[in-house]
Structure formats: structure tokens, C-alpha cells
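Read the structure below first, then the notes.
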Amino acid sequence: MIKLAPSILSADFSHLGQDVMECEKAGAELLHIDVMDGMFVPSISFGMPVIRAIRPLSSMTFDVHMMVQDPERYVEEIARCGADIITVHAEACRHLDSCIQKIHSLGRKAGIAIDPATPVSAVKYELYQADMILVMTVNPGFGGQKYLSEMNTKILKIREMIRESGRDIDLEVDGGINPATVEEAVHSGANVLVCGSGVFNKKASIGENIEIMTALARKAAGEIAENDGNANVCENEENR
Ligand code: DX5
Ligand code: ZN
């Protein structure tokens with residue numbers, strides 16, 4: 001099922017609360033929250049106090065993307081602040097398997113993110129327990145970058161691996177998702193679409209942008225259904 005996840009990294013922090021509530025009002029199911037440590041990625045964004053402050057304003061699923069080195073140090077506190085899904089980078093964890101176990105022991109869903117240069121094998125042996133795989137379609141650290149279409153084959157491969165696992169695992173894409181790129185991401189097999197500058201760009205209201213993006217994504221997913229399911233589309237794409 002298609003879900004849009006507005007990324008507050010591009011929100012107006014002078015009225016973050018209002019922006020968050022506007023996302024929910026427009027029907028967003030997930031709120032994507034980018035935590036950056038200045039180590040794993042060059043930039044520093046925000047952390048626990050901000051998540052804690054916005055938690056009472058919304059019942060959206062808080063999808064916390066930790067761009068943090070050795071994230072197992074913080075998952076407990078991030079959970080306490082109100083995260084529903086905690087996503088860690090495969091590249092940033094010394095012991096990925098135990099980090100995912102720790103997130104589950106806190107009663108939260110666990111996601112695994114991989115950078116553009118990281119092969120699909122990095123998540124292969126974690127599909128038995130991951131709730132979500134996040135394919136970065138830009139290099140992590142900043143909003144407003146260009147979608148790397150080269151990642152489409154990776155999305156396709158992971159969708160196929162998920163299908164083979166027989167488990168219900170979400171496949172999220174993050175970076176450069178906008179009206180021009182959302183369709184190729186969905187056609188490749190993504191079902192959770194992070195969207196930062198595409199939502200908070202002031203060209204239109206947050207609500208209008210969410211509406212446009214959701215409609216385009218659902219339409220693309222409908223095309224998949226017309227083609228007799230996702231697996232068939234994967235095969236077709238691979239043969240191109
Ligand atoms: C980038 C972050 C993204 C970012 C996406 O490292 O992980 O979530 O907010 O921004 P856009 O949608 O503008 O590429
Ligand atoms: Zn993100």
C-alpha cells in the first residue's frame with residue numbers, strides 16, 4: 001500500500017508544529033524525521049527534544065531516519081521520545097542484527113537504510129526481521145538533491161527479495177522524490193515515499209503538495225495492478 005512520508009527536514013522550523021499538523025490534515029500517514037549527527041553525514045539536523053515536542057501534536061506514524069554513527073547508542077531514547085519506526089543505516093551499525101533486535105525489544109518497528117553505493121546484499125540476511133528497507137536515492141545528509149535513477153534497479157531487486165521472503169516489509173525511498181520522479185520509484189517497487197522539498201516548497205500549500213504527490217503515487221501503483229501485480233512489473237523492468 002502506498003504511503004507518503006513528508007520529511008520535516010524541509011519544513012519551516014519557525015512554525016514546525018503548524019507544518020506537522022498540516023501534513024496530518026492533508027492525509028499523510030507517516031512523518032519522516034531526519035536525525036543527523038554531523039559524523040555519519042556532514043550535517044547536523046535535530047534530535048530528541050524536537051521529536052518530543054511534536055509528538056503530542058500528531059498521531060501520524062513517526063518514521064525516524066537516524067543518519068547517526070553507531071545508532072544503537074540512541075535507539076532507546078528515540079523510542080521514548082515517540083518514534084514508531086526507527087530506521088538505522090546498515091553502514092553505521094557495528095552489529096546490525098543486534099541493533100534491529102534492540103529496536104524490537106523496545107516495541108518499535110525497525111527499518112534498515114542503505115546508501116546509494118551499498119549493495120542489496122547488505123540487507124539480505126536481515127529480511128527475516130526488518131519491518132522496512134529504506135533505499136537512499138540521494139547521498140544522505142541534505143534535502144533538495146536530485147533523484148538517482150540508477151537506484152531503480154536496486155529498488156526492483158529489493159522488492160523481489162522481499163517477495164521471496166514472504167514477509168510484509170515496507171520498501172521506502174528517500175531523496176529527490178517529486179512529481180517528476182515519484183512514478184519511476186513506485187514502478188520500481190517502492191511503497192513508502194519520503195518527500196521533503198516536494199512537500200515544503202511554498203510553490204503550493206503543504207496540503208496541495210501532499211494531495212498531488214499522493215495522487216500521482218497511487219496512479220502509478222494502479223498501473224502496477226493493471227499489469228497483473230508488482231512481480232510482473234519487476235520482471236518487465238529488468239528486461240529493459
Ligand atoms: C536526506 C534525508 C531526506 C531529505 C529528503 O538525507 O534523508 O529525508 O529530507 O529531502 P528531499 O525530498 O528534498 O530530497
Ligand atoms: Zn530521510
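Worth a mention:
- Karplus-based coupling profile of segment 88-103, in residue order and whole Hz: 10, 7, 4, 6, 9, 9, 6, 10, 4, 4, 6, 5, 5, 4, 5, 4, with θ = phi - 60° in 6.51 cos²θ - 1.76 cosθ + 1.60 and x standing for Gly or Pro.
- Residues with amide H under 5 Å from that of ALA5, placed H, sequence gap 5 or more: LEU193, VAL194, CYS195
- Across segment 1-100, C-alpha contacts under 8 Å between residues 6 or more apart give a mean separation that, scaled by the residue count, equals a relative contact order of 24 percent.
- Evaluating 6.51 cos²θ - 1.76 cosθ + 1.60 at θ = phi - 60° for every residue in segment 205-214, the Karplus couplings come out as 6, 4, x, 5, 4, 5, 4, 5, 5, 5 Hz, glycine and proline recorded as x.
- In Å, descending, principal axis extents of the Cα set of segment 122-231: 41, 35, 23
- Highest mean first, the peptides 98-105, 63-70 sorted by other C-beta atoms within 10 Å per residue fall in the order 63-70, 98-105.
- In straight-distance terms, cross-link reach from LYS124 covers every one of the lysines whose alpha-carbon lies under 22 Å from its own, apart from those fewer than eight places away in the same chain; here that gives LYS102, LYS109, LYS154, LYS157.
- Expressed as a whole percent, the accessible area of the chain that falls on carbon and sulfur atoms is 51 (1.4 Å probe).
- List PHE62, PHE200, ordered by accessible area with a 1.4 Å probe, largest first: PHE200, PHE62
- Residues with amide H under 5 Å from that of THR137, placed H, sequence gap 5 or more: ASP174, GLY175
- Annotation: per residue accessible area for the chain equals 44 Å², rounded to a whole number [probe 1.4 Å, protein chains only].
- Relative counts (whole %) of C-alpha pair distances in the chain, using bins that are 10 Å wide: 8, 35, 39, 17, 2
The values are calculated or read from the model by the stated rules, or taken from the named source; none is laboratory data. Just so we're clear, the structure is a prediction, and the values are computed from it rather than from any experiment. Neighbour counts run over all protein chains shown; Cβ positions are idealised from the backbone, glycine included. Accessible surface is based on the protein model in full, side chains and every heavy atom, while ligands, DNA and RNA are left aside. Shrake-Rupley method; radii C 1.70, N 1.55, O 1.52, S 1.80 Å.
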